[in-house]
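The values are calculated or read from the model by the stated rules, or taken from the named source; none is laboratory data. Predicted model, so just to flag it, every value in this text is computed and none were measured. We place every Cβ from the backbone using ideal geometry, glycine too, and count neighbours over all the protein chains shown.
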Amino acid sequence: MKIGIKLVIVSEILVLLTISSIGYVALQIGNQSIRERIEAQLGSVTTLKADHLDDFIKEKIENIISLRNQYTHLLLESQYTTQNGREFLRDRLIENSYFTEFFILNNNGTVQLSTDPMQEGKVKSNEEYFKQGQSDTFLQSFYYDLSLQQPAITIATPVKNENNETIQVFAGRMNISEISEIMSERTGLGETGETYLINNLNFVVTPLKTEENTLFKKAVYTDIIKKGLTEKPTNTQILSGYLNYANTPSIGSYVYLSDLNVLLITEMSDAEASAPLQALGNNILVMSLLIFFVTLVFCIYIPQKILKQINNLTTITESISGGNLGVAVDITSTDEVGQLASSFEKMRKSLQTTNEELLRTQRNLEKKVEKRTAELNEKMKKLQDSEIATLNINEDLQRTVDKLKETQTTIELQNIQLKKLDKIKSDFLNITSHELRTPMSAIKGYVQMIMKQKLGETTEEQKQALNVIIRNTNRLDSLIQDILDISRLESGTMKFIAEPTNIQQMIKEAIETTHSLADTKKIQLSTNIEENLPTIVIDKERIKQVIMNLINNAIKFSPNGSSILVRVKKETDNLLIEVQDHGRGIPKEHQTKIFNTFYQVDSGMDRKFGGAGLGLSIARGIVLSHGGNIWVESSGLPGEGSIFKFTLPLIPVHDLEGKFRDVDIFRLKDTKKIIENDLRNKTVIWKEETADKGEKS
Amino acid sequence: MTKIMIVDDETDLREMLNIMLRKEGFETETAENGDDFLSKIDGFQPDLVTLDVMMPGLTTREILEKLNEKKTKPKIILLTVVRYSEEEKQKLIQRGIVDYVTKPFEFDHLIDTIHKYVLLNPVR
């Protein structure tokens with residue numbers, strides 16, 4: 001559904017709801033007030049008429065009483081004659097035109113005198129006014145006088161003598177036209193309003209507006225008359241919604257006039273009574289319709305304007321979605337629609353720009369694609385031309401690949417052979433070690449058994465000889481050990497067992513082992529070890545071997561009674577271990593050479609101490625394998641001694657075995673180069689050593 | 001009496017150990033290689049064996065594998081020339097080897113090591 005229609009429906013529903021509520025309330029209030037006004041109006045007319053009638057009747061009674069008194073006076077005079085009386089009545093009738101007849105009844109009810117000579121002599125003894133009038137003033141209202149053949153009201157009053165005895169009855173007959181006139185007077189009543197009197201026998205006694213000649217001929221039984229004659233209210237009452245004598249729905253007011261014994265009714269038609277209400281309803285309806293149509297017009301007109309703009313925008317949107325970006329949005333209003341339009345216009349412009357750019361790019365791309373396609377075609381042609389040549393090259397390549405495969409096979413075979421050689425080398429060393437040591441074991445075993453006298457008593461001389469054998473066996477064993485170590489280091493088959501090591505503990509053990517040797521020369525061994533050194537991962541036994549070697553050397557070359565200091569401190573990445581002696585020192589020219597295999601500074605001196613010149617070489621190999629460095633510092637002057645120093649990295653260097661392959665244990669290359677190389681290759685990868693290696697034969 | 005079996009291909013060493021252990025009060029038996037050892041073991045039922053790691057014929061590993069098929073389960077001490085790391089020692093223990101002694105060994109060290117695993121006169 002379109003927005004316009006929706007808006008119209010919603011607005012109209014709202015307007016109708018509002019108007020009908022207001023209208024309903026207004027009608028209710030109007031109805032109430034109009035009804036009240038009508039009732040008040042009817043009531044007041046009724047009261048007014050009743051008062052008017054009352055006054056009228058009272059005045060007439062007074063008139064009669066006054067006339068009677070005059071008549072009595074005349075009668076009691078001595079010169080009274082019938083003629084006089086008749087003249088008196090006639091004169092009075094002329095003065096009181098309301099009355100149609102004055103007459104005198106005697107105590108028998110016979111008309112004695114009358115202004116109407118036709119009446120004299122007639123007997124009225126059965127008339128009520130005669131019966132009642134003998135004792136007191138009496139008004140007989142609205143009776144149908146049979147003798148007169150017309151409705152009448154007669155007032156009668158007794159004429160008394162000096163003894164207060166009723167001697168005659170004075171009566172005045174009144175024309176009801178006067179009352180009819182009072183009733184017909186329609187002051188304060190509308191078109192249909194009227195007032196009439198009903199006697200106790202339901203007869204209409206005053207003329208009705210719409211019907212003629214009804215007096216005392218029409219008995220009426222409308223609701224209001226029934227009600228009024230039953231209740232006989234002395235106060236004005238209201239009845240509405242009944243049908244009157246002419247079957248017209250009416251509203252009426254009524255009161256019972258006890259003096260006249262009649263019911264006074266004032267009534268008007270419902271139609272007239274509710275005419276103002278009808279008018280009010282009509283006005284509301286007209287106003288409602290007016291508002292409805294005005295709203296309708298606004299509801300149609302205003303959205304129409306907005307919808308026109310939206311439709312305009314829709315048309316442009318469709319145009320744009322159809323690909324036409326050239327249509328400008330022409331809406332200039334400043335409301336929300338205008339804002340929408342202006343932002344849409346911005347979007348359209350940006351789309352247009354983007355589209356143009358895209359088109360440009362597309363054209364460029366197409367050109368490039370064409371160019372590339374052309375180039376490709378050219379290349380394809382060239383490729384096709386060179387296909388034959390390529391086939392030839394392929395054959396060449398195939399041949400080369402075949403050759404390469406052959407070479408690879410050769411290399412693989414060589415590799416296997418090399419590995420075999422490596423194993424042979426390792427096995428050779430293991431076997432050599434085993435073969436050299438097994439006889440040593442036998443020798444040592446027997447010697448020790450003899451020493452322990454397990455094989456019989458031994459003399460002191462024999463014991464001395466056995467000690468020599470033991471010492472030399474140990475030396476031989478040590479030499480074999482050194483040679484095997486050198487061989488392993490050189491061949492790269494030295495086996496290292498890495499474990500977390502407490503340096504302080506390890507140095508303590510090394511010193512304990514060398515203590516007895518130091519004691520023989522009274523040399524003092526002391527340590528200076530930094531506290532809280534970290535645990536480092538090394539081959540504890542091998543490093544201990546290095547330290548013991550350095551201490552042993554220091555003991556060897558120190559004079560008796562001197563001191564040796566072992567110092568350990570932590571540097572940034574290393575532990576620095578120093579062994580300081582106070583021996584004769586090492587000349588500068590020897591300081592690097594002493595780490596060479598079989599190198600001895602002084603052959604004679606070294607021989608004396610039983611060294612083969614292998615210890616420092618092995619120490620160097622072990623330290624370098626750990627990723628450290630070893631060197632000596634000495635002035636070379638006798639007595640100043642020397643400091644052997646080596647470092648161990650704090651971060652473990654793995655694959656110690658692999659590291660050894662780079663160590664030129666025999667120092668065949670330039671020393672400087674080796675050191676640089678060693679420093680460069682500090683970090684290598686750890687390789688797991690299995691137990692099987694040692695077991696294999 | 002505690003029984004020790006000496007397995008070594010070197011006659012002199014084998015005899016030396018034989019004399020040494022008998023002097024120490026053990027009942028001994030010798031074998032000169034793996035096959036010899038395996039053929040004699042169920043007959044002699046040793047409590048402990050000193051086993052040379054490098055002998056002609058069967059390798060140490062082969063000997064240990066075949067030993068699994070035998071009824072007798074002696075404690076074995078290896079006589080070797082190499083050092084073992086902790087990891088390697090664990091592997092050896094898994095194969096039934098309780099300890100090792102490096103050649104050339106000191107008299108006292110060997111005897112002490114043996115005494116760690118057997119009593120001189122075990123209560124059967």
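Quick rundown of the values:
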| read-out | value |
| --- | --- |
| Any hit, segment A:616-639, residues being in contact with a His (Cβ under 7 Å, 6 or more places away or on another chain), of a type outside the set (S, T, N, Q) and either at pLDDT 85 or above or in a strand (DSSP E or B) (or both) | no |
| Checking residue A:529 against (1) surrounded by 14 or more Cβ atoms within 10 Å (Cβ to Cβ); (2) modelled with pLDDT under 90; (3) farther than 30 Å from residue A:438 by Cβ; (4) more than 14 Å from every other protein chain (Cβ to nearest Cβ), the condition it does not meet | (2) |
| Yes/no for residue B:30 being more than 8 Å from chain A (Cβ to nearest Cβ), among the hydroxyl-bearing types (Ser, Thr, Tyr) and part of a loop (DSSP other than H, G, I, E, B) | no |
| Test for residue A:469: is it in a helix (DSSP H, G or I), surrounded by 11 or more Cβ atoms within 10 Å (Cβ to Cβ) and either within 10 Å of another protein chain (Cβ to nearest Cβ) or touching an Asp or Glu at 6+ places or on another chain (Cβ under 7 Å) (or both) | no |
| Test for residue B:81: is it touching a helix residue (DSSP H, G or I) at 6+ places or on another chain (Cβ under 7 Å), modelled with pLDDT under 85 and under 20 Å from residue A:445 (Cβ atoms) | yes |
| Residues of segment B:60-88 satisfying the condition of being facing chain A (nearest Cβ under 10 Å), within 23 Å of residue B:116 (Cα to Cα) and without any contact (Cβ under 8 Å) to a residue 60 or more places away in the chain | B:60, B:64, B:78, B:80, B:81, B:82, B:83, B:84, B:85, B:86, B:87, B:88 |
| Candidate set from segment A:484-525 (those that are within 14 Å of chain B (Cβ to nearest Cβ) and surrounded by fewer than 17 Cβ atoms within 10 Å (Cβ to Cβ)); member that is modelled with the lowest pLDDT | A:499 |
| Cβ-Cβ under 7 Å pairs, at least 6 apart or on other chains, segment A:496-511 side within 12 Å of residue A:527 (Cβ to Cβ) and assigned by TED's automatic domain parsing to the domain that holds residue A:648, far side assigned to a loop (DSSP other than H, G, I, E, B) and of a type in the set (A, V, I, L, M) | A:503/A:533; A:504/A:533 |
| Qualifying residue in segment A:441-463 (condition: within 11 Å of another protein chain (Cβ to nearest Cβ), touching a Ser or Thr at 6+ places or on another chain (Cβ under 9 Å), surrounded by 14 or more Cβ atoms within 10 Å (Cβ to Cβ) and farther than 24 Å from residue B:11 by Cα) | no |
| Residue check, residue A:418 out of contact with any Lys or Arg (no Cβ under 8 Å at 6 or more places or on another chain) and within 30 Å of residue A:482 (Cβ to Cβ) | yes |
| Segment B:96-119, subset surrounded by fewer than 18 Cβ atoms within 10 Å (Cβ to Cβ) and among the charged types (D, E, K, R), residue farthest from the other protein chains (Cβ to nearest Cβ) | B:116 |
| Looking only at segment A:132-166, and only at residues there that are crowded, with 16+ Cβ neighbours inside 10 Å and among the hydrophobic types (A, V, I, L, M, F, W, C), the one that is nearest to the chain's Cα centre (by Cα) | A:142 |
| Any hit, segment B:43-59, residues being over 30 Å from residue A:455 (Cβ atoms) and either away from chain A (no Cβ under 14 Å) or touching a His at 6+ places or on another chain (Cβ under 9 Å) (or both) | no |
| Of all residues in segment A:533-579 being surrounded by fewer than 18 Cβ atoms within 10 Å (Cβ to Cβ) and assigned to a strand (DSSP E or B), the one that is nearest to the chain's Cα centre (by Cα) | A:570 |
| Which numbered condition residue B:23 misses (of (1) among the basic types (Lys, Arg); (2) more than 8 Å from chain A (Cβ to nearest Cβ); (3) touching a helix residue (DSSP H, G or I) at 6+ places or on another chain (Cβ under 8 Å); (4) exposed (fewer than 14 other Cβ atoms within 10 Å of the Cβ)) | (2) |
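Every residue, every condition in (1) of a type outside the set (S, T, N, Q); (2) buried (at least 17 other Cβ atoms within 10 Å of the Cβ); (3) over 17 Å from residue A:35 (Cβ atoms); (4) not assigned by TED's automatic domain parsing to the domain that holds residue A:140, yes or no:
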{"site": "A:234", "(1), (2), (3), (4)": "no, no, yes, yes"}
{"site": "A:251", "(1), (2), (3), (4)": "yes, yes, no, yes"}
{"site": "A:255", "(1), (2), (3), (4)": "yes, yes, yes, yes"}
{"site": "A:258", "(1), (2), (3), (4)": "no, no, yes, yes"}
{"site": "A:284", "(1), (2), (3), (4)": "yes, yes, yes, yes"}
